[in-house]
Amino acid sequence: MNIRQMSVSDLDFALNLTTLEGWTSTMHDFEELLHFNPEGSFIGEVGGEPIGMVCTVNYGEFGFIGNLIVRGMYRGQNFGKTLMEEAMKHLLDSGTKSLLLDGVPEAVSLYEQLGFGRIAKSLRMESIIAGQSSEFVRQMVQEDIDKISVIDTGCFGGHREKFLQMRFLSFPEYCKILEIDEEIQGFIMGSRGTSSTRIGPWVMNNHSPISENLLLALAESGSGSPLKIGVLETNNEALNILRKHGFRETSYSWRMLYGENTEATLSDHLYAICCPARG
């Protein structure tokens, strides 16, 4: 198998792979990945034909791996393992101390063979709720990006300003700020899926008793569409809010770690992951 960098011309192929897997990825997700880390995603080819992919995101001391998929007819031939090894080498060669991923249960044994260990379940949840405005929640504006990036970096453990900026520019109606006495308590961002509104990231600087107001404000912008969210099972603050509003688990993956445990992406101030491909 030949492995090369993913380019914009590969995005239709990449999206088709995720669609066949039943994942909720969109073209915009891959555009964000290439924008953030243009050299970090890879295509596997056999005889010049693309047969699989894997994506990485480099956050500095740690990296995230996602979107490992091999076309069905090529499975069982170690192509997935070879793609993973390429992704790991790419990140480790850049100096990352730890690698993280959200692995679907069917792939966990492969990741464990490569040295990854399970940390916690990464839950996928869904609900339809009535939205509600709040005097403490306002629309995000461009001037907020620098401020929320500081909050986000402290909670997430790495710099992802490019993702936050692109999400804001693409879906400003789903980007909200919770503010009390001119102090930002937290923020939430969302995006449009094919038939749902996807939540994430959702970051709380403080565990405010009105944290749920961000969720309700985003739901109001979603105009009644189903809401989908990913959250680690260890985040009781977030899970209590979600279950209060009827969110139910639809599936899960395993948050897994290779290398040094820097506690990155594991803060209980992260009420929603951004997406399974990048934490």
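Laboratory data are not the source of any read-out in this text; all were calculated from the coordinates shown. All values reported here derive from a predicted model rather than from experimental measurement. Ideal geometry is used to build each Cβ from the backbone, glycine not excepted, and the neighbour counts take in all protein chains shown.
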Between Arg138 and Glu182, what length in nm is gained on full extension when 0.36 nm per residue of separation is reduced by their alpha carbon distance?
14.7 nm
Against the 2.2 N^0.38 Å scaling, with N counting residues, where does the range 125-272 land? I'd like the Cα-based Rg ratio to two decimal places.
0.99
Along the Cα→Cβ direction, 7 angstrom out, place labels at Glu45 and Asn261. What is the inter-label distance in nm?
4.2 nm
If the reach is capped at under 14 angstrom between alpha carbons, list the aspartates and glutamates near Lys162, excluding any in the same chain fewer than eight residues apart.
Asp29, Glu31, Glu32, Asp144, Asp146, Asp152
Taking the dipole about the Cα centre of the chain, with the C-beta of Lys and Arg at +1 and of Asp and Glu at -1, give me whichever of Trp254, Leu20, Leu215 is farthest to the positive side.
Leu20
Between 0 and 90°, nearest 10: helix 11-20 axis offset from the chain longest Cα axis
80 degrees
Determine the principal axes of the Cα atoms in the range 1-119, then give the extent along each, sorted from largest to smallest and rounded to whole angstroms.
33, 31, 27
Specify the angular offset, from 0 to 90 degrees and rounded to the nearest 10, of the alpha carbon long axis of helix 145-156 from the longest principal axis of the alpha carbons in the chain.
60 degrees
In square nanometres, what is one fourth of the surface area of the convex hull spanned by the alpha carbons of the range 81-195?
10.1 nm²
From the residues Ile119, Trp202, Ala130, which one has its Cα farthest along the dipole of the chain in the positive direction, the dipole being from +1 and -1 charges on Cβ of Lys/Arg and Asp/Glu about the Cα centre?
Ile119
Whole-Å distance, taken between Cα centres, linking the range 197-213 and the range 156-182
11 Å
Using the structure shown, select from Lys97/Lys228; Lys89/Lys228; Lys81/Lys121; Lys176/Lys228; Lys89/Lys147; Lys147/Lys228 the pairs with a Cα to Cα distance greater than 24 angstrom.
Lys97/Lys228; Lys89/Lys228; Lys89/Lys147; Lys147/Lys228
Pairwise label distance in nanometres, Leu92 with Arg243, each label 7 Å out on the Cα-Cβ vector:
3.9 nm
Along Cα→Cβ, 7 Å out, is where each label goes; now give me the distance between the ones at Asp268 and Glu233 in nm to one decimal.
1.7 nm
Quick one: putting +1 on the C-beta of Lys and Arg, -1 on the C-beta of Asp and Glu, what dipole do you get for the chain around its Cα centre, in Debye to the nearest 20?
760 debye
Expected output is a single nm value to one decimal: the length gained when fully extending between Leu169 and Gln113, i.e. 0.36 nm times separation in residues minus the C-alpha distance. What is it?
16.2 nm
Viscosity 1.567 mPa s, temperature 4 °C: give me the Stokes-Einstein translational D for the chain in µm²/s, with Rh taken as the Kirkwood radius over C-alpha pairs.
68 µm²/s
Does anyone have the angle between helix 161-170 and the longest principal axis of the chain? Alpha-carbon axes, 0 to 90°, nearest 10?
70 degrees
